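Undergrad: So that we are looking at the same thing, I have put the structure below in structure tokens.
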Amino acid sequence: MIQLGEHHFSEYLSAATIQDKVKELGAAINKDYSSEDPPIVMALLNGAFIFAADLCRQFDFECQLQLLRVSSYKGMESTGKVIVDHSAEPNMEGRQVLIIEDIVDTGNTLAAYLPTLETKGARSVRVCSLLLKPDAIQHDLQIHYLGFEIPNEFVIGYGLDYNGRGRNLGSIYSIVQ
Ligand code: 5GP
């Protein structure tokens, strides 16, 4: 059990369980991409930075990795307003794009962002997310590579924060109500 501010969190996915899943996801992604047609891999910041760092080291193909700042969350709530730093986007014309997300919750972020990739000429767009909250999602989204489905509860660790804290934890922790 750990405490951040007034909230307590208990371990939900251990670091070892997460690392096994990262290897599994990496193997699945390796089947779909090759260095002959290298994808642009875009990790959505801040939350996905640790997952993306582990996952991209499983890739056996060449890739162009771009970190992209996207935000919609404040504290424990999705604000519904998605802000994307488009200035960091590379030229996607004719390219395959793989998006790396930490968690899909309402789906607002991907629902707002994915359509913009096609207008920028991306040839294909796939999504890899470590976590998905099926009971929270409000959009019809295809997650091509998914780590874990989790209950609709606030989680921290492995890149995910509570007001900037907890990102450095190796395991994922769920809030204790
Ligand atoms: P969505 O747009 O799908 O509602 O949420 C996407 C973003 O909200 C995620 O990339 C993540 O940054 C944040 N988020 C959603 N659920 C959680 C959660 O349980 N814990 C934390 N720390 N962030 C979350």
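The values are calculated or read from the model by the stated rules, or taken from the named source; none is laboratory data. Note that this is a predicted model, so its numbers are computed, not measured. Note: ideal-geometry Cβ built from the backbone for every residue, glycine included; neighbour counts use all protein chains shown.
Undergrad: If you check every pair at least six apart or on different chains, which have Cβ atoms under 6 Å apart with a residue in the stretch 131-146 that is within 24 Å of Lys23 (Cβ to Cβ) first and a residue that is hydroxyl-bearing (Ser, Thr, Tyr) and surrounded by 12 or more Cβ atoms within 10 Å (Cβ to Cβ) second?
TA: Partner pairs satisfying both residue conditions: Ile143/Ser129; Leu146/Ser129.
Undergrad: Still on this structure: Looking at the stretch 137-149, can you tell me whether even one residue there is closer than 19 Å to Tyr33 by Cβ, more than 11 Å from the ligand (Cβ to nearest atom) and touching a helix residue (DSSP H, G or I) at 6+ places or on another chain (Cβ under 7 Å)?
TA: Checked the stretch 137-149: at least one residue is closer than 19 Å to Tyr33 by Cβ, more than 11 Å from the ligand (Cβ to nearest atom) and touching a helix residue (DSSP H, G or I) at 6+ places or on another chain (Cβ under 7 Å).
Undergrad: Does the stretch 123-132 contain at least one residue that is more than 13 Å from the ligand (Cβ to nearest atom), assigned to a loop (DSSP other than H, G, I, E, B) and either among the small types (Gly, Ala, Ser) or modelled with pLDDT of 95 or more (or both)?
TA: Yes, some residue in the stretch 123-132 is more than 13 Å from the ligand (Cβ to nearest atom), assigned to a loop (DSSP other than H, G, I, E, B) and either among the small types (Gly, Ala, Ser) or modelled with pLDDT of 95 or more (or both).
Undergrad: Does at least one position in the stretch 31-43 carry a residue that is touching a strand residue (DSSP E or B) at 6+ places or on another chain (Cβ under 7 Å), part of a helix (DSSP H, G or I) and touching a residue at least 40 places away in the same chain (Cβ under 8 Å)?
TA: No, that holds for no residue.
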